[in-house]
Each structure stands twice: as C-alpha cells, then as structure tokens.
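What follows is a single structure, written as structure tokens, with notes after it.
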Amino acid sequence: MPRPNVNDLLAFLAVARERSFTRAPAQLGVSQSALSHTVRGLEERLGLRLLTRTTRSVAPTQAGERLLRNVGPRFDEIDAELSALTELREKPAGTIRITAGEHAAQTILWPALARLLPRYPDIKVELIVDYGLTDIVAERYDAGVRLGEQVAKDMIAVRIGPDMRMAVVGAPAYFAARSKPKQPQDLTEHNCINIRLPTYGGIYAWESEKRGRAMKVRVDGQLVLNTSALRMNAVLAGLGLAYVPENIVKRELADGRLIRVLADWCAPFSGYHLYYPSRRQPTPAFAVLVDVLRYRR
C-alpha cells in the first residue's frame with residue numbers, strides 16, 4: 001500500500017475537526033474540490049472509509065475517529081515543537097489561544113493581557129469566552145481557565161487568582177416589597193435571576209455551604225441570562241435576586257445600590273487556574289503569559 005503523505009493526513013484532520021468540507025479549505029489554503037479529492041485519495045489508498053458524508057454534515061467513521069484520536073495529537077506536538085523554536089529569537093512571538101468563562105476573562109485575563117501585550121508586540125492572543133468545559137486538546141487551544149476543582153488530573157494547572165466567594169444580592173427596591181431570605185430554601189419563594197450553563201446540562205442550581213453542610217437550591221424567576229453583565233443590569237433594576245461572584249458587586253454593596261443576603265451560606269472556594277496539557281512543550285510566548293498570570297499571594 002502506498003504510504004500516505006503528510007499533506008493527505010493534514011487534509012483529513014482539518015475536515016474531521018471542522019466536520020465540514022466548507023470550512024476546512026480556508027485553513028489549508030486549498031479549494032473545496034481539491035480537498036475532497038485529497039481525502040478521497042487517502043481513503044482509497046487505505047482501503048477504508050474515513051468520513052461519512054451527507055448533504056448537511058460530515059462525521060468521522062470508526063476508522064476516522066481512531067485516526068483523528070491517535071494521529072491528531074502527534075501533529076499538535078510537532079506544531080508545538082516548531083513554535084518552541086521561537087526561543088531562538090530575541091523576543092517571544094506567536095499566537096496563544098485561550099478559552100475561559102466571562103468572569104475569568106474580565107477579572108483575571110484582561111488585566112494581565114493589558115500589561116503583557118504592549119511589552120511584547122510579537123505576541124498575539126485569541127481569547128474565546130465559553131461557559132462550556134471545552135476540550136482544549138480537541139479544539140486546539142493552548143490553555144483554558146477553570147476553577148481549581150474542575151481541572152483534569154492530566155493537565156498542568158497554574159493558580160492565577162485568589163479563592164473566591166459568591167454573593168446573593170438584590171436591590172433595595174426589590175426588598176421593599178419582600179422579606180429577605182434567611183435560609184437557602186427561602187430562595188424558592190423569590191424571583192431569582194437564573195443562568196443556564198452547558199456544563200450543568202441546564203439551569204444552574206445555586207450552591208451554598210455553611211459549617212461543612214452543602215446545599216443546592218433550584219430557584220425560579222422571570223429571567224434566565226447567560227452573562228454577568230446582563231444579570232447585573234437585571235438585579236440593579238430590581239427585577240430579582242442574583243447569584244454572582246462577590247468581587248463584581250463590592251462597589252454596589254458599598255454604596256447601597258445592592259443588599260447582600262445569606263452571606264453566611266457563601267463559603268470560599270478554590271479560585272481560577274490556567275491549565276494546559278502536561279505533554280505539550282510551552283513556547284516562550286506562552287511561558288511569558290503564564291508568568292504574568294501566575295497568582296502571587
């Protein structure tokens with residue numbers, strides 16, 4: 001059997017990862033017809049169908065999934081090693097792709113990037129805000145940001161923020177007509193501003209803990225919002241109670257625009273960590289970013 005060349009495998013990986021013969025050509029700088037011909041030729045040489053094609057979608061077959069799973073990471077390692085050659089240059093350079101949630105992006109990553117990028121003009125950063133627990137290897141990210149307890153064991157984790165606390169808050173106008181909740185169970189009687197997170201498979205249940213006793217309460221309300229900014233707008237407008245990171249409401253609590261309740265049920269928990277695959281060799285640009293982000297007590 002003729003041996004597949006590197007370009008054939010790269011063509012297959014691009015289509016398999018994008019699940020599309022339309023988006024993949026742009027990555028490789030070839031036409032859609034040329035890419036389709038290349039993949040078909042690879043299948044003929046292997047004597048195996050690697051992709052299932054329909055008019056609407058493309059998906060790897062069992063053989064294709066095996067090739068994607070076993071060969072794809074090897075090419076990623078080669079790319080990382082080639083990128084690492086930039087350490088021979090005077091200044092770190094290259095593109096760093098990161099995925100993080102909105103709160104981490106705004107409070108941790110953005111301040112660090114504002115300091116980093118002016119000092120290193122050859123570094124580029126692609127920051128994608130995503131509430132899902134993205135597979136950073138499959139999606140070809142250099143790193144992701146999660147809370148400490150959510151980081152997989154096979155990843156290198158670098159602490160980039162302090163411990164956190166959540167806060168249940170409402171506007172004075174909201175409490176003017178309602179009594180304040182004294183126990184987490186009381187939240188079921190309030191108009192609560194919910195958030196839908198893909199990692200939880202639906203509406204997020206508000207978590208609380210007091211003296212080692214943990215509790216989750218599924219609350220109800222008129223609004224379901226998936227950004228911190230929108231939830232802040234809603235709670236300040238008196239439309240309900242919000243469950244938000246403590247550090248984003250400090251100013252509003254201090255000036256009386258918001259009132260905090262159930263503070264004794266909001267225990268500290270592990271803060272944000274930057275994580276990346278243990279087998280990947282960090283580039284100089286990535287090493288600089290890690291150093292800037294590293295939390296120093």
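The values are calculated or read from the model by the stated rules, or taken from the named source; none is laboratory data. Everything numeric here is computed off the predicted structure, so don't read it as measured data. Neighbour counts are summed over all protein chains in view; Cβ atoms, including those assigned to glycine, are modelled from backbone coordinates with ideal geometry.
Go through the range 40-60 and give me each residue that's under 25 Å from residue 141 (Cβ atoms) and at pLDDT 85 or above. Give the steps one after another, and end with the answer.
Our first condition is that a residue be under 25 Å from residue 141 (Cβ atoms); within the range 40-60, this holds for 50-51, 57-60.
Residues satisfying the conditions are 50, 51, 58, 59, 60.
Specify the residue that is farthest from residue 206 (Cα to Cα); the eligible residues are those in the range 221-268 that are part of a loop (DSSP other than H, G, I, E, B) and touching a Phe, Trp or Tyr at 6+ places or on another chain (Cβ under 8 Å). The residue in question is 238. Could you list all residues from the range 139-181 that are free of Cβ contacts under 8 Å to residues at least 40 places away in the same chain, assigned by TED's automatic domain parsing to the domain that holds residue 207 and not small (Gly, Ala, Ser)? Within the range 139-181, just 178 meets the criteria. Screening 112, 105, 63 for residues that are part of a helix (DSSP H, G or I), in contact with a Leu (Cβ under 7 Å, 6 or more places away or on another chain), within 20 Å of residue 8 (Cα to Cα) and at pLDDT 90 or above leaves exactly one candidate, 63. Screening the range 118-166 for strands (runs of 3 or more DSSP E) wholly inside it with 2 or more residues that are under 14 Å from the mean Cα position of the chain (by Cα) returns the ranges 123-129, 143-147.
Is it the case that residue 129 is at pLDDT 90 or above, within 30 Å of residue 288 (Cα to Cα) and among the β-branched types (Val, Ile, Thr)? Walk me through how you get there before you give the answer.
Working: at pLDDT 90 or above: yes; within 30 Å of residue 288 (Cα to Cα): yes; among the β-branched types (Val, Ile, Thr): yes.
In short, yes.
In the range 8-46, which residue that is of a type outside the set (A, V, I, L, M) and part of a loop (DSSP other than H, G, I, E, B) is surrounded by the fewest Cβ atoms within 10 Å (Cβ to Cβ)? Ranking the qualifying residues of the range 8-46, first place goes to 29. Restricting 240, 212 to residues that are without any contact (Cβ under 8 Å) to a residue 60 or more places away in the chain and of a type in the set (Gly, Ala, Ser) narrows the list to 212. For residue 283, the stated conditions hold: it is β-branched (Val, Ile, Thr), within 30 Å of residue 156 (Cα to Cα), modelled with pLDDT under 95 and surrounded by 16 or more Cβ atoms within 10 Å (Cβ to Cβ).
Scanning the range 148-174 for residues that are surrounded by fewer than 16 Cβ atoms within 10 Å (Cβ to Cβ) and not small (Gly, Ala, Ser), which turns out farthest from residue 266 (Cα to Cα)? Ranking the candidates gives 154 first.
Residue by residue, here is whether (1) assigned by TED's automatic domain parsing to the domain that holds residue 119; (2) under 20 Å from the mean Cα position of the chain (by Cα) holds:
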{"residue": "203", "(1), (2)": "no, yes"}
{"residue": "212", "(1), (2)": "no, no"}
{"residue": "225", "(1), (2)": "no, yes"}
{"residue": "234", "(1), (2)": "no, no"}
{"residue": "252", "(1), (2)": "no, no"}
{"residue": "256", "(1), (2)": "no, no"}
{"residue": "277", "(1), (2)": "yes, yes"}
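Any residue in the range 286-293 that is outside any helix (DSSP H, G or I), crowded, with 18+ Cβ neighbours inside 10 Å and in contact (Cβ under 8 Å) with a residue 24 or more places away in the chain? It would help to see each step written out before you state the result.
Of the residues in the range 286-293, the ones outside any helix (DSSP H, G or I) are none.
Within the range 286-293, not a single residue is outside any helix (DSSP H, G or I), crowded, with 18+ Cβ neighbours inside 10 Å and in contact (Cβ under 8 Å) with a residue 24 or more places away in the chain.
If you go through the range 122-138 and pick out every residue that is in contact with a Ser or Thr (Cβ under 7 Å, 6 or more places away or on another chain) and either within 23 Å of residue 10 (Cα to Cα) or in the same structural domain as residue 195 (by TED's automatic domain parsing) (or both), you end up with 3.
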